[in-house]
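No lab work stands behind these numbers, since they all come straight from the coordinates. All values reported here derive from a predicted model rather than from experimental measurement. All Cβ positions, even for glycine, are placed from backbone atoms using ideal geometry, and neighbour counts span all protein chains on display.
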Amino acid sequence: MNLKREECTGHWPVHFCLRGLMIAAAAMAIVAPSPVAAEQRAPVTASQTPASGQSIADFYRARNNYPLWLSPTAGDAPQQLIALLRSANLDGLYPDKYHADALQQGLDQALAEKNPKKQAEAKDSAERALSDAFVSYVDDLVHDPNIGILYVDAGLRPKPPSPLVTLLNAAAAGSLSEYVRTLGWMNPYYGELRQALANHEYADDHQRQLIALNLERTRALPAGKQRYVLVNAAQQRLYMFEGGKMVDSMVVVVGKPKYPTPLITAYIRFASLNPYWYVPTDLAAERIAPNVVKRGQRYLDDLGYQVMSDWDENAELVDPKSIDWKGVADGKVEVRIRQLPGPHNSMGRMKFMFPNEAGVYLHDNPERELFTEASRLYSGGCVRLEDAARLGRWLFGYDLDWEVAGTEQRVPMPSLVPVYITYLTALPEGSSIAFYDDVYGRDATRLATTSSAAQDGVATTGTR
């Protein structure tokens, strides 16, 4: 497929693609398992189902049965785990599934037993039970939150690790107790929001609901120390993460409420220097045609606009005089326009591409005054960058020199970096939770759906 037809401002602009995505998201928002059905379903322990060589037994076999939870360095990790399991309702899960009381009883018995042989047996039993519960809990936590995210690259969809990997990651943590307390296998935002719920760090029930709602959204974000870009459309800000920490950030401009920036997860694959702007037909009618009617062809010439026959590679230029511009402005005539690279180009000097069906990407922008606004909801769905050159330097490790580049010169990424475009209206900020306006009405829609489903006795959180 011609990439021009996939771009934010190509033949199928983001505005039209988003309508289908929003309908799909709304449908997915109300499809959830019944809590009764989930409760009645007999839980299958992870140790019974993994692929060969990936089970809990394989973990212990590889370490000659050396304990994880009852090792001298484990600290209070068992108690931290039991506390998490008792409060699994905060995760939208059923605490009873994990048998926390039995775990505590087995742990107490193992520690109290005086007979060496019986103590060894009790400790082994308690150790395996804790691992089984932990693996089951991690398996339930790590999943796609089913909120209408477009996963361009399937490998970025959240998927629980095998029991072996789950336990190896825990064993590799600097402090097992801290790893469990902070839910180190999840994105840090998840652990902090969950802690806020557990500690009642909210002013009222509405804030509690917002924290819970955003907790679910953070399931889609990565854990670990890999490099990634996070765009929070609700906050209109972009973050760069590396080594498990935020290393830089910048303000961005995102879609207008009528053209909301969608939820997308994808790998950034290349930069395009000195790009054309392929104007969506609705923006051509809304922004360009009225100015042509008023000022004539000079408006097109001054800003570098060209009328094209189509979006094919061999498209021909069309004489603007042959176009019924009033018909375009009235929405009766469709026209294809591109803008040449230059100081007026709406893409600026570079854009960062992760080709997707919604036609969204990150790009430079010459309208610098927009970045000083408190509310930055001006785009047609794409993400405009406060400092595209700085992001490029971080992504590529060197400055992208657009001045010597050709038109739409593609620069492949040296290594793929994922971008997560999300919508967090409650976000950890220092020692508190910051709340952001529901600029796209997604919270209101979700909470209304949750309330309606609750009245019907249907769960809308991730009950598993």
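For the stretch 336-416, state the average projected area of the convex hull of the C-alpha atoms over all orientations, rounded to one decimal in nm². Please report the intermediate quantities before stating the final value.
Details: hull surface 25.6 nm².
That works out to 6.4 nm².
Only helices enter the 222 nm calculation for the chain: every DSSP H run of n ≥ 4 contributes -39,500 (n - 2.57), and dividing by all residues gives -10500 deg cm²/dmol, rounded to 500.
Relative to the longest principal axis of the Cα atoms of the chain, the long axis of helix 163-172 lies at roughly 90 degrees. Which net charge results for the neighbourhood of ILE264, defined as the other residues with beta-carbon distances under 11 angstrom from its beta-carbon, given Lys and Arg at +1 and Asp and Glu at -1? Its environment carries a net charge of -2. Between 0 and 90 degrees, the angle of helix 205-217 with respect to the longest Cα principal axis of the chain falls at about 80 degrees. Considering every pair of different Cα atoms, what Kirkwood radius, in Å, is found for the stretch 134-248? Here the Kirkwood hydrodynamic radius works out to 15.4 Å. Between amide H atoms placed 1.01 Å from N, distances below 5 Å from MET413 occur with PHE270, ALA271, all of them 5 or more places distant or on a separate chain. If you plug the beta carbon distance of THR73 and ARG410 into 1/(1 + (r/R0)^6) with R0 = 60 Å, you get a FRET efficiency near 0.75. So in the chain, what percent of DSSP beta bridges are antiparallel if you round to the nearest 5? Close to 80 percent. The long axis of helix 100-112 is offset from the longest Cα principal axis of the chain by roughly 40 degrees.
When the Kirkwood hydrodynamic radius is evaluated over all pairs of different C-alpha atoms of the stretch 200-354, what value in angstrom, to one decimal, is obtained? Before the final figure, lay out the partial values.
Details: mean 1/r = 0.0524 Å⁻¹.
Its Kirkwood hydrodynamic radius stands at 19.1 Å.
Magnitude of the charge dipole for the stretch 324-464, about its Cα centre and with charges confined to Cβ atoms of Lys, Arg (+1) and Asp, Glu (-1), is about 320 debye.
The ranking of MET413, MET353, MET347 from fewest to most other beta carbons within 10 Å of each one's beta carbon is MET413, MET353, MET347.
How big, in percent, is the set of alpha carbon pairs in the stretch 177-218 lying more than 17 Å apart? Each step should come with its number before you reach the end.
Details: 237 of 861 pairs.
Here the long-distance tail beyond 17 Å is 28 percent of all Cα pairs in the stretch 177-218.
Only Cα pairs under 8 Å and 6+ residues apart enter the sum, and on that basis the relative contact order of the chain stands at 23 percent. The ranking of VAL328, VAL252 from fewest to most other beta carbons within 10 Å of each one's beta carbon is VAL328, VAL252. Can you tally the net charge around ARG368? Count Lys and Arg as +1, Asp and Glu as -1, for every other residue whose Cβ sits under 15 Å from the Cβ of ARG368. Its environment carries a net charge of -2.
Checked against a 25 Å cut-off, the cross-linked pairs LYS258/LYS332; LYS97/LYS117; LYS159/LYS245; LYS225/LYS256; LYS159/LYS351 give Cα-Cα distances beyond that limit for LYS97/LYS117; LYS225/LYS256; LYS159/LYS351. Stretched out straight at 0.36 nm per residue, the stretch from ASP144 to ALA83 would grow longer than its current Cα-Cα span by 19.5 nm.
Taking GluC sites (Glu not before Pro) that fall in a DSSP loop and have at most 13 other Cβ atoms within 10 Å as cut points, what is the longest piece of the chain between them? Intermediate results must be reported in sequence, preceding the final value.
Working: sites that count: GLU313, GLU316, GLU334, GLU367, GLU373.
My reading of the result: 1-312 is the longest stretch.
Taking amide H as placed 1.01 Å from N in the peptide plane, MET308 has its amide H under 5 Å from the amide H of VAL318, ARG336, ILE337, ARG338, each at least 5 places away in sequence or on another chain. Taking other Cβ atoms within 10 Å as a rough exposure proxy, THR449, THR422 sort from fewest to most as THR449, THR422. Taking amide H as placed 1.01 Å from N in the peptide plane, ASN356 has no amide H partner under 5 Å among residues 5 or more places away or on another chain. The aspartates and glutamates whose alpha-carbon is closer than 18 Å to the alpha-carbon of LYS118, local same-chain residues fewer than 8 away aside, are ASP108, GLU127.
In the stretch 210-290, inverting the average of 1/r over every pair of distinct C-alpha atoms gives 15.7 Å as the Kirkwood radius. Per-residue extension of 0.36 nm, minus the Cα-Cα distance of LYS117 and SER249, leaves a gain of 41.8 nm for this segment.
How long are the semi-axes of the equivalent ellipsoid of the chain, defined as square roots of 5 times the Cα gyration tensor eigenvalues? Whole Å, largest first. Don't jump to the answer; show the numbers that get you there.
Working: eigenvalues 516, 107, 68 Å².
Semi-axes from the Cα gyration tensor: 51, 23, 18 Å.
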